[in-house]
Amino acid sequence: MSAIAEKIHLIEQLSTSSAATSQLLDKVIDFLVEKDRKKLARFQEKLATLEQQYGMSTADFQRRFESGELGDAPQWFDWDGFAVLAASLVAKLTAAEAGRG
């Protein structure tokens, strides 16, 4: 059993009710979701700055970058990295929302 699973099991053993356990886990999930929302906002700010600076959307940039049209300048790799990380966070947050019903 992983360390996390062991801790969750311990919480279940110590809890006086499943409602209390659920409430505790909801608070942990809320904390993690909020942390990721803040990260996403920072990446979105960086993307917006790059979009304004270079006069193209991130989607257009990625299409042009992946086709080789823009070359290999370091700022393109940074922009691509920010876009990939932002997309990953969006997917993660979408899954978290779907999982919460």
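Bear in mind these aren't lab numbers, they're just calculated from the coordinates by the rules spelled out. A quick note: this is a predicted structure, and the numbers were derived from the prediction, not measured. Counting neighbours? That spans all protein chains shown, and the Cβs are built from the backbone with ideal geometry, glycine included.
Scalar couplings 3J(HN,Hα) for the range 33-40, obtained by applying the Karplus form with A = 6.51, B = -1.76, C = 1.60 to θ = phi - 60°, are 5, 5, 4, 5, 4, 5, 4, 4 Hz; x denotes Gly and Pro. If one takes the longest principal axis of the Cα atoms in the chain, at what angle in degrees, from 0 to 90 and to the nearest 10, does the Cα axis of helix 74-100 lie? Tilt of helix 74-100: around 30 degrees. Phi angles of the range 54-59 translate, via the Karplus equation with coefficients 6.51, -1.76, 1.60 and θ = phi - 60°, into HN-Hα couplings of 9, x, 8, 6, 5, 4 Hz per residue; Gly and Pro are given as x. Look at the alpha carbon pairs under 8 Å that are at least 6 residues apart: their mean separation over the length of the chain gives a relative contact order of 31 percent.
Taking every DSSP helix (H) stretch of at least 4 residues in the chain, weighting each as -39,500 (n - 2.57) and dividing the sum by the residue count yields a mean residue ellipticity at 222 nm of -29000 deg cm²/dmol. Each part reduced to its alpha carbon centroid, the range 54-80 and the range 1-43 end up 38 Å apart. Springs join every pair of Cα atoms under 10 Å in this Gaussian network model of the chain, and among L85, L40, L24 the largest mean-square fluctuation is at L24.
The charge dipole of the range 30-100, taken about the Cα centre with unit charges on the Cβ atoms of Lys, Arg (+1) and Asp, Glu (-1), comes to about 320 debye, rounded to the nearest 20. Note on E12 and T49: the model spin-label points, each 7 Å out from Cα along the C-beta direction, lie 4.6 nm apart.
Farthest toward the dipole's positive end in the chain, which of A5, A48, A86, given Cβ charges of +1 (Lys, Arg) and -1 (Asp, Glu) about the Cα centre? Result: A5. Annotation note: chymotrypsin sites (Phe, Trp or Tyr not before Pro) in the range 1-57 located in DSSP loop regions with a Cβ neighbour count of at most 10 within 10 Å are absent.
Sites listed here are GluC sites (Glu not before Pro) in the chain whose DSSP assignment is loop and whose Cβ has at most 10 other Cβ atoms within 10 Å: E69.
3J(HN,Hα) along the range 60-67: 5, 4, 4, 4, 5, 5, 5, 7 Hz, from the Karplus curve 6.51 cos²θ - 1.76 cosθ + 1.60 with θ = phi - 60°, whole Hz, x for Gly and Pro.
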